[in-house]
Number of protein chains: 2
Amino acid sequence: MEISHPYLLFLGDVPDALAAKTGLGIVDWRKEWCVGQFRLDGCKADAKLPDMTPSEAAGKGARTMVVGAVNAGGVLPDHWVESIVAALEAGMDVASGLHMRLGDVPAIRDTAVRTGRRLFDVRHSSERFATGKGTKRSGKRLLTVGTDCSVGKKYAALALEKGMKDQGFDADFRATGQTGVFISGRGVALDAVVADFISGAAEWISPEADDAHWDVIEGQGSLYHPSFAGVTLGLLHGSQPDAFVVCHEPTRKTMRGVATPLASIQEVIDLTIRCGQLTNPTIRCVGIAINTAALDEDEAKTLLEKTSADHGLPATDPVRFGVEAIVERIGKEFGNP
Amino acid sequence: MEISHPYLLFLGDVPDALAAKTGLGIVDWRKEWCVGQFRLDGCKADAKLPDMTPSEAAGKGARTMVVGAVNAGGVLPDHWVESIVAALEAGMDVASGLHMRLGDVPAIRDTAVRTGRRLFDVRHSSERFATGKGTKRSGKRLLTVGTDCSVGKKYAALALEKGMKDQGFDADFRATGQTGVFISGRGVALDAVVADFISGAAEWISPEADDAHWDVIEGQGSLYHPSFAGVTLGLLHGSQPDAFVVCHEPTRKTMRGVATPLASIQEVIDLTIRCGQLTNPTIRCVGIAINTAALDEDEAKTLLEKTSADHGLPATDPVRFGVEAIVERIGKEFGNP
């Protein structure tokens, strides 16, 4: 799926910023793609974009309204339907990350058919994938992996794409989750793919490329997370990364949503190499990204220095201190542009 | 899903026995559930059951017609539709392992609605799963794992269920593939589950049970197969097995369908323990099942003796020499009934 930009972000009437995190994530990384936000009365989220209606946005060139908010349960509230219909009537496509399909609502489906506009449900890939083949593809690949879910794998991949481009690398972010798909305009929400096709979908996400080209692939889950490790392993095999970066949140004691103790950074490095060698025998770790938001600046620097020394790898907080050290390591290991 | 038996096996007009392997597998293990077979002109498969029409089968008590054959592509040929409609009209449910949903054919869907009969598409689970939790459940579990796909994991699990029952164990086969679902009347075709729910579905398949009860769980894929390892890992985490048996085919050089070299039995043992410890710290290997069909009897015995000595584990061909040695090992390690 290729979603056309510029976007109008629909934030509905969500009660807080967290419920609009998809929309806010798009603004963080692709503000230049966003012409405005469309909010209903009572909306408590604010993407700091000009407020406008769908017809105003269409007049400013917006081509897709992104439903960048969720309410509890991921269902589409009835009172959002009219806004989505209005966007279609104004000539825009509509893209959604809700669990429920837009086309399952008759008023939306009928309007889309009548106006000839496209509906994108990024949680429901309509792409048909082959099963993974495991054969080596040309081009280079970096995958972010994690000690847990929600430790900054998407952020690290986007920061690395930007940092590599700044140094002259030919690099493209490859999305594997719904927010990432909106940020890149293409990709697959891998957790929604049928299990048999996980690694096949991952192969599709990062196709053959020039030898000097880097795909910077958004990781999912953790090999040590008992809910999602299957997705993580299929993504690892399909991505066949040359390099990986481990993402970590140092204050977490158990895996997100379960009672399983957090794995160590070293365990994740070891198991990623062991499993990743199946499709890329030269896979290696090139850095560690730590979310230090819970630490003050001195604590953060001390932790990063210790982590770097312990593992013999660059360690940084991409948000706080950038990714230059990891990009430098990539250049040393694989050659600079 | 709970599929009612006795079954009528529908074999269509397939060109060879391989295309009817689902039906033949059901007869191998649940002949007492099968009242007959229904074949169209030109059918080259034979389950060695009495040939009969749907209405004859219904008269003999059949409650479900199982579409136990596939044609190329897994689609439903138009000329099979009338047979399926006839089964519904005769008062039977219809269950299918085809990729295509029975209910997507209007004539079938309309007849099922009108007659009040059920349609089962075992490749499309309608069950809603939670994500895996990773918490320990009561009862004991054995999982068959493999150096590759199609090395006898289902057969080994069914043979172990039978062998354990023969020794007085309270044991139940748990199906994770389509043929297994027909054989047990319930279960989930795990490869058809959405990726986020693989381990959750595996947890659902083997729920809490008495401490002395064994679930004998059909394995899928291989941790070393680049197409399907994600399914294998999710199944391992969700099954949280106390014991596992490695299945192997000694003449294979590469993984089925891909160019990846076959992993060794020892590699599979090591990685299964390493990953399986996440949800069951005491996981251990209790035996090796080798498909020796390509070897003569002396070669087979020599290979099994060598494999047993190399790994310090019972090694057998379940088809040729039974599973007594493995059942004995299970009793020694975990207690006899």
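Hey, does segment A:300-321 have a residue that's closer than 28 Å to B:Tyr224 by Cβ and in the same structural domain as A:His237 (by TED's automatic domain parsing)? Yes, because at least one residue in segment A:300-321 is closer than 28 Å to B:Tyr224 by Cβ and in the same structural domain as A:His237 (by TED's automatic domain parsing). B:Gly116 is checked against (1) surrounded by fewer than 19 Cβ atoms within 10 Å (Cβ to Cβ); (2) at pLDDT below 95 and fails just one. What number does that condition carry? Status for B:Gly116: all satisfied but (2).
Here is a yes/no grid of residues against (1) surrounded by fewer than 21 Cβ atoms within 10 Å (Cβ to Cβ); (2) over 17 Å from the mean Cα position of the chain (by Cα); (3) of a type outside the set (A, V, I, L, M, F, W, C):
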{"position": "B:Gly132", "(1), (2), (3)": "no, yes, yes"}
{"position": "B:Ser150", "(1), (2), (3)": "yes, no, yes"}
{"position": "B:Lys162", "(1), (2), (3)": "yes, no, yes"}
{"position": "B:Lys165", "(1), (2), (3)": "yes, yes, yes"}
{"position": "B:Asp170", "(1), (2), (3)": "yes, yes, yes"}
{"position": "B:Thr176", "(1), (2), (3)": "no, no, yes"}
{"position": "B:Ile183", "(1), (2), (3)": "no, no, no"}
{"position": "B:Arg186", "(1), (2), (3)": "yes, no, yes"}
{"position": "B:Ile198", "(1), (2), (3)": "no, no, no"}
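The condition (being in contact (Cβ under 8 Å) with a residue 24 or more places away in the chain and under 21 Å from B:Ser125 (Cα atoms)) is satisfied by just one residue among B:Arg63, B:Arg101, B:Arg39: B:Arg63. Under the condition of being part of a loop (DSSP other than H, G, I, E, B) and free of Cβ contacts under 8 Å to residues at least 40 places away in the same chain, which residue from segment A:109-140 is nearest to the other protein chains (Cβ to nearest Cβ)? Only one residue tops the list, namely A:Thr135. Residue-level check: of (1) within 30 Å of B:Val319 (Cα to Cα); (2) modelled with pLDDT of 95 or more, B:Pro15 misses just (2).
Take the conditions (1) among the hydroxyl-bearing types (Ser, Thr, Tyr); (2) in a helix (DSSP H, G or I); (3) within 21 Å of the chain's Cα centre (by Cα); A:Ser4 misses just one of them, which is (2). In this structure, is A:Gly312 touching a Leu at 6+ places or on another chain (Cβ under 6 Å), free of Cβ contacts under 8 Å to residues at least 60 places away in the same chain and among the small types (Gly, Ala, Ser)? Criteria not met by A:Gly312.
Just a yes or no: is a residue in segment A:317-336 within 24 Å of the chain's Cα centre (by Cα) and exposed (fewer than 13 other Cβ atoms within 10 Å of the Cβ)? Checked segment A:317-336: no residue is within 24 Å of the chain's Cα centre (by Cα) and exposed (fewer than 13 other Cβ atoms within 10 Å of the Cβ).
If you go through segment A:241-259 one residue at a time, do you hit one that is surrounded by fewer than 23 Cβ atoms within 10 Å (Cβ to Cβ), in contact (Cβ under 8 Å) with a residue 12 or more places away in the chain and under 21 Å from A:Ala212 (Cα atoms)? Yes. Determine if segment A:206-214 includes at least one residue that is touching a residue at least 40 places away in the same chain (Cβ under 8 Å), of a type outside the set (Asp, Glu) and touching a strand residue (DSSP E or B) at 6+ places or on another chain (Cβ under 6 Å). Yes: one or more hits. Taking (1) within 27 Å of the chain's Cα centre (by Cα); (2) more than 20 Å from B:Gly177 (Cβ to Cβ); (3) not small (Gly, Ala, Ser) in turn, B:Glu56 satisfies each apart from (1). Scanning segment A:158-185 for residues that are in a helix (DSSP H, G or I), in contact with a Ser or Thr (Cβ under 7 Å, 6 or more places away or on another chain) and farther than 22 Å from A:Gly257 by Cβ yields one hit, A:Phe182.
The values are calculated or read from the model by the stated rules, or taken from the named source; none is laboratory data. Because the structure is predicted, anything quoted here is derived from the model rather than measured. With ideal geometry, Cβ positions are generated from the backbone for all residues, glycine too; neighbour counts draw on all protein chains shown.
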